[in-house]
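First the structure, in the form of structure tokens, and then the observations on it.
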Amino acid sequence: MTRLKKIALATSLAGAAALAGVAQIYAADAPIEIDADTFECITEMTPVRGFYVDNLLGDIAATLAVANSETGGTWPTGSVVQLVPTEVMVKQPAGTSPQTNDWEFFELDVSSGESEIVTRGFTDVVNRFGGNCLDCHVKAEPQWDMICETGHGCDPIPLSREMIVGIQQGDPRCNRPE
Ligand code: HEC
């Protein structure tokens with residue numbers, strides 16, 4: 001290849017890469033619309049180890065593929081993740097919120113037997129104990145895409161497995177008469 005051709009090729013590759021980058025940053029799909037009715041009894045979701053998942057776009061297989069991957073990965077758009085009934089992470093389209101890897105955080109009130117959204121957002125959602133969701137979840141090693149579990153690099157929470165199962169089983173939205 002001539003030197004000139006090499007430069008031309010390099011330039012067009014760089015251009016394509018830059019365009020792809022721009023597309024990623026600016027061409028985020030519209031956010032998935034979420035309201036209180038989006039959320040349901042936690043134990044009716046799909047269990048993975050000690051937590052529960054779903055996919056609002058219907059692609060539960062893609063969500064489970066990452067959830068069960070031993071090497072982690074980027075969770076697909078539409079993924080819903082819950083450990084306890086009141087705290088939810090939902091994956092919005094790529095580019096929605098680079099600081100949170102496009103996760104939207106929710107704090108719910110489920111005490112009435114229905115879901116009510118107390119707070120939602122990206123960088124400044126706090127749980128009922130005053131803890132900022134992102135501050136803790138951002139500590140997960142990058143390959144886990146902000147999913148903490150245990151051993152992913154987050155500071156542990158002071159709840160035993162038995163306590164977590166008890167909280168999940170006690171979700172007041174579950175087993176309600178029609
Ligand atoms: C004090 C740090 C801390 C705060 C604050 C916090 N989390 Fe977590 N969260 C954790 C840890 C650690 C786990 C994993 C616990 C386990 O599996 O034992 C976890 C688990 C979860 C899970 C299950 C998936 C996973 O990452 O393991 C979801 C979903 C979740 N939290 C959402 C939230 C939301 C939403 C908020 C804010 C409303 C929040 N969390 C606030 C530390 C925190």
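Only the coordinates and a few stated rules stand behind these numbers; no lab work does. As the structure is a prediction and not an experimental result, all values here were calculated from the model. Note that each Cβ is placed from the backbone with ideal geometry, even for glycine, and that neighbours are counted across all protein chains shown.
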message: I'd like to know if region 65-82 contains one or more residues that are closer than 25 Å to residue 166 by Cβ, in contact (Cβ under 8 Å) with a residue 40 or more places away in the chain and over 13 Å from the mean Cα position of the chain (by Cα).
response: no
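Yes or no: residue 113 near the ligand (Cβ under 10 Å from one of its atoms), in a loop (DSSP other than H, G, I, E, B) and of a type outside the set (Ser, Thr, Tyr)?
It is false that residue 113 is near the ligand (Cβ under 10 Å from one of its atoms), in a loop (DSSP other than H, G, I, E, B) and of a type outside the set (Ser, Thr, Tyr).
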task: Go through region 59-73 residue by residue and tally those that are out of contact with any helix residue (DSSP H, G or I) (no Cβ under 7 Å at 6 or more places or on another chain) and part of a loop (DSSP other than H, G, I, E, B).
output: 4
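Please work out which residue is nearest to residue 110 (Cα to Cα), limiting yourself to region 74-88 and to residues that are of a type outside the set (Ser, Thr, Tyr) and assigned to a loop (DSSP other than H, G, I, E, B).
Per the criteria, the residue is 85.
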- prompt: Out of all the residues in region 136-161, which are under 16 Å from residue 42 (Cβ atoms) and exposed (fewer than 12 other Cβ atoms within 10 Å of the Cβ)?
  reply: 161
field: Residue count for region 142-168, restricted to those that are free of Cβ contacts under 8 Å to residues at least 60 places away in the same chain, of a type in the set (D, E, K, R) and more than 8 Å from the ligand (Cβ to nearest atom)
entry: 1
- request: Among residues belonging to region 89-110 that are hydroxyl-bearing (Ser, Thr, Tyr) and part of a loop (DSSP other than H, G, I, E, B), point out the one that is farthest from the ligand (Cβ to nearest atom).
  value: 96
task: May I ask you to list pairs of residues, at least six apart or on different chains, whose Cβ atoms are under 6 Å apart, with the first in region 44-55 being without any contact (Cβ under 8 Å) to a residue 60 or more places away in the chain and under 20 Å from residue 163 (Cβ atoms) and the second being more than 9 Å from the ligand (Cβ to nearest atom) and not basic (Lys, Arg)?
output: 45/54; 48/67
